[in-house]
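Note sheet for the following structure.
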Amino acid sequence: MRRGDDAAPGARTALNATVGTPLVSGKIDVHTHILPPDLPDYSPRDARFLKLEHLDACRAKLVRADGSTFRMLDANSWDPEERIRDCDEAGVELQVLSTIPVLFSYAASATDANDFARFLNDHIAGVVRRHPDRFVGLGTLPLQDPDLAMHELDRCMTELGLAGVEIGTHVNAWNLEEPALFPVFERAEQLRASVFVHPWDMMGSAQMPKYWLPWLVGMPAETSRAICSMMFGGVFDRLPRLRVLFAHGGGSFPGTFGRIEHGYRVRPDLCATDTKHSPREQLGRFFVDSLVHDPRALQHLLDLVGADRIALGTDYPFPLGEAEPGKIFDALPLSAADRRRLERGTALEFLGKTL
């Protein structure tokens with residue numbers, strides 16, 4: 001049995017009391033988003049905060065300060081009961097909840113962002129407490145102020161019982177190797193907090209406003225930016241026990257990996273200044289989700305990092321997500337062990353649970 005292989009079908013895998021009751025054999029979705037139904041209106045403090053306007057019991061919209069709509073939402077974006085019904089239909093036993101990335105609020109003042117993060121984290125913790133056998137929670141942090149971020153990380157892990165945090169692919173002008181952010185990652189390793197990295201504030205958005213290109217081009221590039229920043233910046237070298245998972249199958253990183261590895265080899269003066277380990281040597285240091293939308297892309301990802309680094313993730317409940325969780329696995333000739341890893345085993349390892 002390879003490291004981390006899941007137990008036989010039907011075996012029970014114990015989670016700690018913070019997360020909830022033991023799982024049996026259902027799927028775990030590591031990439032789902034939720035927001036409070038009563039999101040506070042912080043736009044008077046800073047016009048960049050979005051507010052939530054309910055249209056009826058089933059529909060709402062996130063609205064910018066100028067009144068324009070950022071996104072329409074269905075009730076499953078905030079209603080746990082709706083989510084549980086959807087999960088039951090899809091065979092998903094556990095969802096890992098995280099906030100909608102646009103709510104990171106890194107551009108706001110640190111005080112406002114911290115207040116907002118606390119509200120969001122309290123909400124997610126409350127959902128997990130009410131349904132501990134169906135949900136695990138990840139918090140959000142005011143990363144523009146690393147000291148405040150570490151304080152909120154401590155609260156997430158020691159008071160709220162969350163499993164870790166979701167962070168963005170960059171923090172304003174900082175990439176993730178920024179020295180100011182390192183103490184946050186160091187504290188996450190000490191607390192055994194899982195770190196889910198999700199793209200936001202996509203690069204190049206102003207230069208490609210048409211055709212949804214920020215989401216189709218900028219978002220995958222953002223994730224590759226984050227992976228490369230942590231690799232080349234030596235974050236994984238210095239924190240070998242840090243558990244990090246990147247959204248959307250690593251974005252454009254798998255497709256451009258050959259170029260990234262080649263660049264490290266031919267220009268060490270530029271790429272090897274803060275790490276002595278090549279990108280290839282660091283492939284086992286992080287996880288990705290399975291949200292790549294194409295069986296050939298998933299096969300390439302499996303060839304690159306292996307099933308024990310890939311966890312089922314759907315981006316529920318948004319349209320760029322996978323409508324049928326794990327359906328893409330049916331298109332590949334997976335072994336039973338690899339399928340169990342993809343459906344739940346890797347997620348458990350990312351969450352730091354005993355397999």
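Computed from the coordinates by the stated procedures, all read-outs in this text should not be read as laboratory data. This one's a predicted model, so the numbers in the text were calculated from it and none came from an experiment. For neighbour counting, all protein chains shown are included, and Cβ atoms are generated from backbone atoms with ideal geometry for every residue, glycine included.
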Relative contact order of segment 39-143: what whole-number percent is it, with Cα pairs under 8 angstrom and at least 6 residues apart? 21 percent
Could you tell me what fraction of 2.2 N^0.38 Å the Cα radius of gyration of segment 113-168 comes to, as a two-decimal ratio? 1.05
For the chain, what relative contact order do you get, as a whole percent, if you take Cα pairs closer than 8 Å and at least 6 residues apart? 18 percent
Give the Debye-formula value of log10 I(q)/I(0) at each listed q (0.07 Å⁻¹), with one equal scatterer per alpha carbon of the chain, two decimals each. -0.27
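Let me make sure I get this right: for segment 223-302, a, b and c are the square roots of the gyration tensor eigenvalues over alpha carbons, sorted descending. Under 1.5 in a/c it's rounded, otherwise prolate if a/b > b/c, else oblate. Which is it?
Judged from the Cα gyration tensor, segment 223-302 comes out oblate (a/c at least 1.5, b/c at or above a/b).
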Pair N172, Q190: separation of 7 Å Cα→Cβ label points (nm): 2.4 nm
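Subtracting the Cα-Cα distance from 0.36 nm times the residue separation, let me have the gained length for D330 to D74 in nm, one decimal.
89.3 nm
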When only C-alpha pairs under 8 Å and at least 6 residues apart count, what is the relative contact order of segment 242-327, in percent? 32 percent
Assuming a ≥ b ≥ c are the square roots of the Cα gyration tensor eigenvalues, decide whether segment 54-162 counts as rounded (a/c under 1.5), prolate (otherwise, with a/b larger than b/c) or oblate. oblate
D86 to D38: FRET efficiency via 1/(1 + (r/R0)^6), r the Cβ-Cβ distance, R0 22 Å, to the nearest 0.05? 0.50
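Working out 0.36 nm times the residue gap between T256 and D66, then minus their Cα-Cα distance, what length gain in nm do you get to one decimal? Walk me through the intermediate numbers first.
On the way: separation 190, 0.36 × 190 = 68.40 nm, distance 3.87 nm.
Gain on stretching T256 to D66: 64.5 nm.
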Between the alpha carbon centres of segment 267-336 and segment 28-47 the gap in Å comes to 27 Å
For the pair R241 and Q299, how long in nm is the line joining their label points, each one 7 Å along Cα→Cβ? 4.0 nm
Please give the calculated 222 nm ellipticity per residue for the chain, where each DSSP H segment of at least 4 residues contributes -39500 (n - 2.57) and the sum is spread over every residue; nearest 500 deg cm²/dmol? -9000 deg cm²/dmol
